[in-house]
Amino acid sequence: SEGPSPITGPIRARPWEKAFSINSGAWGYTPEDSVMTTDQLVRLLVDAIVRNGNVIANLGPDKDGLIPPKQAETLKGVGLWLKRHARAVYGTRPGPFQPVDGLYGATFAGKSIFIHIVDWPQDQLVLQSVPGRIADVHNLSGETVKWSVTADSLALSVPQASRGRAVTVIELRFA
């Protein structure tokens, strides 16, 4: 899948790659009028990983081989996001929830499921219940998360001030 178009659909059975340029869709140097923001790049990354994909982002260095400032700023921002959310990205697999386009997707590793919320349909997100006993719920993107479990659902609520700019990541830790 090439280009900056949104990534949609279910988890793919086989690994795949999203290739795009962060600079105006050009695969070489162009003026920095239209460089992807950190939030745009993080969103593409999350939309890929929750569907069993990865990304390859092209840069357009100048004639001296230097990365222009706006592109460098975007990459530094993605690096900071990855540092904060590393355990929800590295070494994870997609699922167990199928992604819902424009709302959320999930990854898991060990005894944790990570819910990557890209948009809040209301004040809370209600998911189907998950097997096992949830020992703790942690907001990797901020400070506060409220949660409740019933026999058939899991409700998550995060105040606006504790949400991530591009994506809010909630970790469900199981006993």
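Each Cα pair under 8 Å and six or more residues apart adds its separation to the average, and for segment 78-147 the resulting relative contact order is 21 percent.
With the convex hull constructed from alpha-carbon coordinates only, segment 1-56 shows a mean projected area of 3.7 nm² over all directions. Summing Lys and Arg as +1 and Asp and Glu as -1 over all other residues whose Cβ lies under 11 Å from the Cβ of Asp101 gives a net charge of -1. The alpha carbon gyration tensor of segment 36-125 gives principal lengths a ≥ b ≥ c with a/c of 1.5 or higher and a/b greater than b/c, which makes the shape prolate. For the chain, with all protein chains in place and a probe radius of 1.4 Å, 53% of the accessible heavy-atom surface sits on carbon or sulfur.
Output the 0 to 90 degree angle, nearest 10, between the alpha-carbon long axis of helix 69-85 and the longest principal axis computed from the alpha carbons of the chain. That works out to roughly 20 degrees. For the chain, the longest principal axis of the Cα atoms and the long axis of helix 38-49 meet at an angle of about 60 degrees.
The largest-to-smallest principal axis extents of the Cα set in segment 21-175 are 60, 29, 24 Å. When every Cα-Cα distance of segment 81-120 is counted in 10 angstrom steps from zero, the calculated P(r) takes the values 33, 54, 13 percent.
Computed with a 1.4 Å probe over protein heavy atoms only, the accessible surface of segment 1-114 comes to 53 Å² per residue. Each part reduced to its alpha carbon centroid, segment 73-131 and segment 20-42 end up 24 Å apart. In the chain, the DSSP beta bridges split such that about 80 percent are antiparallel, to the nearest 5.
The values are calculated or read from the model by the stated rules, or taken from the named source; none is laboratory data. Please read all numbers here as calculations on a predicted model, not as lab measurements. Don't worry about glycine lacking a Cβ; one is built from the backbone with ideal geometry, like all the others, and counts go over all protein chains shown. Just the protein is used for accessible areas: all its heavy atoms, side chains included, with ligands, DNA and RNA removed. Shrake-Rupley method; radii C 1.70, N 1.55, O 1.52, S 1.80 Å.
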